[in-house]
Amino acid sequence: METILITGGMGFIGSHTCVELMEAGYSPIIVDDLSNSSIKVLDGIEAITKKRVPFYQLDVADFEALAQVFAQHTIDAVIHFAGFKAVGESKEKPLHYYCNNLNSTMSLLKCMDRFGVGRLVFSSSATVYDSMHHVLLTEETERWCTNPYGWTKFMSEQIISDHVATRPDASAVLLRYFNPVGAHESGLIGEAPNGVPQNLMPFVTQVAVGMRDKLSVFGGDYDTPDGSGVRDYIHVTDLARGHVAALAYAKEHPGCQAVNLGTGRGVSVLELVTTFERVNGVAIPYEITARRPGDAPMYYAETRRAEELLHWRAERSLEDMCRSAYHWQRKSMGLWEDPNERTR
Ligand SMILES: NC(=O)c1ccc[n+]([C@@H]2O[C@H](COP(=O)([O-])OP(=O)(O)OC[C@H]3O[C@@H](n4cnc5c(N)ncnc54)[C@H](O)[C@@H]3O)[C@@H](O)[C@H]2O)c1
């Protein structure tokens, strides 16, 4: 049984990946500083898997603290999720983002080197692409970022790739996620943003339960089928399974490889909203407001490389994403006693 260190494993994507890893027979260890997550996530993971995952609360950028975890466990590979992720906030606090996201990546690579761990799966993002000028994004599409968050992913990719190039046996898979949404089917783990949600789906679920009056749809006059922005939404469970596939790939293939994880299908904001209303039987009041600076009109993933190299493809539908997101939102607020009983 391989032991996998998950940095940022208490977060949205990390917690789902932890569950999928355990179901695939891996033994995960989580390190997280809880800067954007709660200790309660550990209980959610345990309720699903019936196992308690070893957890260390630490800042991954703290090399000495991280090295102690490497010293205590024989780690076979690492999945690196730890980082800040809000595009808007990164424009207000660029240094905060560069320091955390880059220092944590470099501290991790140094630790892996010291303890002879050569296999890494890294959370990158479609934000590394020049999506203002390209719609179908392949791994070879020109890269250019419009915000500090995106640059931290761009630079981390470069740092990892340069490092791996000097280690003949080392491997890294740079997973470029599109728009992860939804939640585990149990409703026991999901996305729990602090404050006003920066992403569409958590905003929609908060409107659905009455926490917010209405959704603002940024831009209704884009050159897209219904005028609203188009993105490639991917169910977080599919995304989590992509990490399990990437770990297996990296074991057999030294070197550094970038791979998109998306569905390959573009969905507009309004299509997501109407699908959510239909499958959950709940109204989402919205208003069309001004475009947000820096938002691209439309982009989605070319997914061939993930299918060919990782033997992975997304399986869950937009309906599944909307259903599970709402289920999680209600369950986390105690609105459903019995998770199987969905009255509306
Ligand atoms: N959610 C998305 O839309 C999306 C899209 C593309 C890429 N990503 C990337 O995927 C990764 C995971 O995203 P998520 O949505 O699960 O975010 P998240 O905020 O839910 O999870 C990140 C976790 O990392 C922890 N963390 C942050 N800095 C840390 C540090 N220095 N040391 C230890 N722990 C630290 C946080 O407490 C949190 O639990 C991030 O790197 C993010 O940039 C996310």
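Things worth noting here:
- Selected residue (criterion: nearest to the ligand (Cβ to nearest atom)) from residues of segment 71-86 that are over 16 Å from residue 12 (Cα atoms) and touching a residue at least 60 places away in the same chain (Cβ under 8 Å): 78
- Some residue of segment 140-153 being of a type in the set (A, V, I, L, M, F, W, C), surrounded by fewer than 22 Cβ atoms within 10 Å (Cβ to Cβ), within 16 Å of the ligand (Cβ to nearest atom) and at negative phi: yes
- Close pairs from segment 112-138: first touching a residue at least 40 places away in the same chain (Cβ under 8 Å) and among the hydrophobic types (A, V, I, L, M, F, W, C), partner outside any strand (DSSP E or B) and surrounded by fewer than 23 Cβ atoms within 10 Å (Cβ to Cβ), Cβ under 6 Å, at least 6 apart: 115/70; 117/75; 128/154; 132/296; 136/302
- Number of the condition not met by residue 68 [criteria: (1) more than 8 Å from the ligand (Cβ to nearest atom); (2) buried (at least 21 other Cβ atoms within 10 Å of the Cβ); (3) closer than 25 Å to residue 110 by Cα]: (2)
- When 164, 173, 181 are checked against the criterion of being among the β-branched types (Val, Ile, Thr), under 22 Å from residue 61 (Cα atoms) and in contact with a Pro (Cβ under 9 Å, 6 or more places away or on another chain), 164 stands alone in meeting it.
- Near pairs, Cβ below 8 angstrom, 6+ apart or cross-chain, from segment 306-334 (of a type in the set (Lys, Arg)) to any residue that is assigned to a helix (DSSP H, G or I): 313/306; 313/307; 316/237; 316/238; 323/279; 323/280
- Qualifying residue in segment 214-229 (condition: more than 25 Å from residue 135 (Cα to Cα) and without any contact (Cβ under 8 Å) to a residue 60 or more places away in the chain): no
- For segment 11-69, a tally of residues being assigned to a helix (DSSP H, G or I) and either touching a residue at least 12 places away in the same chain (Cβ under 8 Å) or more than 25 Å from residue 194 (Cβ to Cβ) (or both) returns 25.
- Unique match (being surrounded by fewer than 17 Cβ atoms within 10 Å (Cβ to Cβ), of a type in the set (D, E, K, R) and either within 28 Å of residue 189 (Cβ to Cβ) or in contact with a helix residue (DSSP H, G or I) (Cβ under 7 Å, 6 or more places away or on another chain) (or both)) among 304, 278, 241: 278
- Taken over segment 118-169, the criterion of being assigned to a loop (DSSP other than H, G, I, E, B), over 24 Å from residue 88 (Cβ atoms) and touching a Lys or Arg at 6+ places or on another chain (Cβ under 7 Å) is satisfied by 118, 139.
- Filtered by the rule that a residue be closer than 22 Å to residue 233 by Cβ, away from the ligand (no atom under 13 Å from the Cβ) and out of contact with any helix residue (DSSP H, G or I) (no Cβ under 7 Å at 6 or more places or on another chain), segment 154-196 gives a lone residue, 196.
Yes or no, residue by residue, for (1) at pLDDT 95 or above; (2) under 30 Å from residue 246 (Cβ atoms); (3) of a type outside the set (Gly, Ala, Ser); (4) out of contact with any Ser or Thr (no Cβ under 7 Å at 6 or more places or on another chain):
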{"residue": "268", "(1), (2), (3), (4)": "yes, yes, no, no"}
{"residue": "281", "(1), (2), (3), (4)": "yes, no, no, yes"}
{"residue": "285", "(1), (2), (3), (4)": "yes, no, yes, yes"}
{"residue": "300", "(1), (2), (3), (4)": "yes, yes, yes, yes"}
{"residue": "320", "(1), (2), (3), (4)": "yes, yes, yes, yes"}
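- Filter result for the condition that a residue is of a type in the set (Gly, Ala, Ser), in contact with a helix residue (DSSP H, G or I) (Cβ under 8 Å, 6 or more places away or on another chain) and under 30 Å from residue 146 (Cα atoms), over 83, 44: 83
- Only one entry of 189, 234 meets the criterion of being buried (at least 18 other Cβ atoms within 10 Å of the Cβ), aliphatic (A, V, I, L, M) and not in a loop (DSSP other than H, G, I, E, B), and that entry is 234.
- Positions within segment 247-300 being within 23 Å of the chain's Cα centre (by Cα) and in a helix (DSSP H, G or I), in sequence order: 247, 248, 249, 250, 251, 269, 270, 271, 272, 273, 275, 276
The values are calculated or read from the model by the stated rules, or taken from the named source; none is laboratory data. What you see is a predicted model; the values in this text were computed from it and never measured. Don't worry about glycine lacking a Cβ; one is built from the backbone with ideal geometry, like all the others, and counts go over all protein chains shown.
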